[in-house]
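Chemist: Could you have a look at this structure, given as structure tokens, before my questions?
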Amino acid sequence: MTDETQKLLALVLGAIGTVSGVVGSALGIFNTWRQSDREKVKLVVTWKSEPWGGKLGKAVTVHSVRVENRSNFAVTIDDVGLVFAKSGAPKISFSQTVQEGEDTITKPLPIRLEAREAVTLTSDGNEPDSSLLEFDLRHLYVRTACGVVHNVANPLV
């Protein structure tokens, strides 16, 4: 083996070693990030305001919140509410309304959501959007049993 061949071989092996080191480091950083991200509570919260009614009475305005658990583990939804800037705002609570045959059943919070499961929670009041704006609605929040709070900025805007 000549001197030039040895230098070329050393250069190629050095380049391969450098590339392997950079790729290994990048994979290590990615794996660390992925592991820490797997342990986070991930919720997708969607707000809707719609008329709702049955055969017996007139339709009322119902505010509903769809909460989707995108975590890799079960999460318990402990509380859902609205935060207003002005005092005297209406107290609106949320629960799950389920139709079982002819009966309408209301399931109060807390509600357990398995991984990749979603639930729609409806308000108990007949508050139009104008009354929510009157008291300067700041945000909607969803709080889990482990204390994680997910805020949605003013959902009416």
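Chemist: Tabulate in residue order the Karplus-calculated ³J(HN,Hα) for the stretch 136-149, using 6.51 cos²θ - 1.76 cosθ + 1.60 with θ = phi - 60°, rounded to whole Hz; enter x for Gly and Pro.
Modeler: Result, ordered by residue: 6, 4, 8, 6, 9, 10, 10, 10, 8, 5, 7, x, 6, 10 Hz.
Chemist: Going by amide H atoms built from the backbone, whose H comes under 5 Å of the H on H139, apart from near neighbours?
Modeler: Counting only residues 5 or more places away or on other chains, the set is V83.
Chemist: Sticking with the crude label model, points 7 Å out along Cα→Cβ, report the distance from N72 to D103 in nm, one decimal please.
Modeler: 4.0 nm
Chemist: Excluding F73 itself, what net charge comes from residues whose Cβ is under 12 Å from its Cβ, given Lys and Arg +1 and Asp and Glu -1?
Modeler: +3
Chemist: From zero outward in steps of 5 Å, how is the percent of C-alpha pairs of the stretch 79-124 spread across the bins?
Modeler: Values per bin, smallest distances first: 5, 18, 21, 22, 15, 10, 6, 3, 0.
Chemist: If you don't mind, there's one more thing I want to ask. Given points 7 Å out from each Cα along the Cα-Cβ axis, report the T2 to S87 separation in nanometres with one decimal.
Modeler: Label-label distance for T2 and S87, simple model: 9.3 nm.
Chemist: For K42 and A15, what is the calculated FRET efficiency with R₀ set at 41 Å and r taken between the beta-carbons, to the nearest 0.05?
Modeler: After rounding, the FRET efficiency stands at 0.50.
Chemist: Work out, step by step, the length gained on full extension between S131 and L27: first 0.36 nm times the residue separation, then minus their alpha carbon distance; give nm to one decimal.
Modeler: Additional length available on full extension: 32.2 nm.
Quick note: the coordinates plus some simple rules give every number you see, no bench work behind them. For clarity, every value in this text was computed on a predicted model and none was experimentally measured. FYI the Cβ positions are ideal-geometry reconstructions off the backbone, even for glycines, and counts take in every protein chain you see.
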